[in-house]
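S.K.: Supplied in structure tokens, the structure appears directly below.
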């Protein structure tokens, strides 16, 4: 007599999700179900929670992969730029550029300044922001 491991409905759901191409959702399904019960979510709210978890996982992976293959210097983000030290840089202009609207309009940005003021850091930070803001489906 062969001993088989009993499967649960949850195991079946996880297997189906994996077969359908969901990578993250099968791993976090039990946690999401517990949260759903605890917070008394409706079925639609649970579905949105589950889909959001998979979407966010894929988006984080897309950004991480894009940054890795971009060749951008690691750690050069707008958040890590020392604006108080570089008083000559107008932060509001950089924050406007950080919306990446110039990229959507296919416009160029030129950063001018003396050596050592952070032009490369700002350019890399804007590139990182563009990678984060780009719509993966365009």
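S.K.: Looking at the stretch 103-120 only, could you name the residues that are over 21 Å from the mean Cα position of the chain (by Cα) and part of a helix (DSSP H, G or I)? Lay out the reasoning, then the answer.
M.R.: Taking the stretch 103-120 first, the residues over 21 Å from the mean Cα position of the chain (by Cα) are 105-120.
Matches in the stretch 103-120: 119, 120.
S.K.: For a quick check of your reading of the model, give me the residue pairs whose first member lies in the stretch 66-86 and is in the same structural domain as residue 117 (by TED's automatic domain parsing), whose second is assigned to a helix (DSSP H, G or I) and surrounded by fewer than 15 Cβ atoms within 10 Å (Cβ to Cβ), with beta-carbon atoms closer than 6 Å and at least 6 apart or on different chains.
M.R.: Listed pairs, sorted by first residue: 83/91.
S.K.: Could you run through the stretch 84-98 and say how many residues are touching a helix residue (DSSP H, G or I) at 6+ places or on another chain (Cβ under 8 Å) and either closer than 29 Å to residue 65 by Cβ or part of a helix (DSSP H, G or I) (or both)?
M.R.: First pass over the stretch 84-98, keeping only residues touching a helix residue (DSSP H, G or I) at 6+ places or on another chain (Cβ under 8 Å): 89, 94, 97-98.
When the remaining residues are screened for being either closer than 29 Å to residue 65 by Cβ or part of a helix (DSSP H, G or I) (or both), the result is 94, 97-98.
Of the residues in the stretch 84-98, 3 are touching a helix residue (DSSP H, G or I) at 6+ places or on another chain (Cβ under 8 Å) and either closer than 29 Å to residue 65 by Cβ or part of a helix (DSSP H, G or I) (or both).
S.K.: Pairs needed: first member in the stretch 108-126, without any contact (Cβ under 8 Å) to a residue 40 or more places away in the chain; second member anywhere, not in a helix (DSSP H, G or I); C-beta distance under 6 Å; at least 6 residues apart or different chains.
M.R.: Correct list of pairs: 117/86; 118/86; 119/111; 119/113; 123/111.
Condition check ((1) in a helix (DSSP H, G or I); (2) outside the structural domain of residue 130 (by TED's automatic domain parsing); (3) at pLDDT below 95) across all residues:
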site	(1), (2), (3)
15	yes, yes, yes
18	yes, yes, yes
41	no, yes, no
45	yes, yes, no
49	yes, yes, no
53	yes, yes, no
64	yes, yes, yes
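The values are calculated or read from the model by the stated rules, or taken from the named source; none is laboratory data. Predicted model, so just to flag it, every value in this text is computed and none were measured. Positions of Cβ are generated from backbone atoms using ideal geometry, with glycine treated the same way; all protein chains shown enter the neighbour counts.
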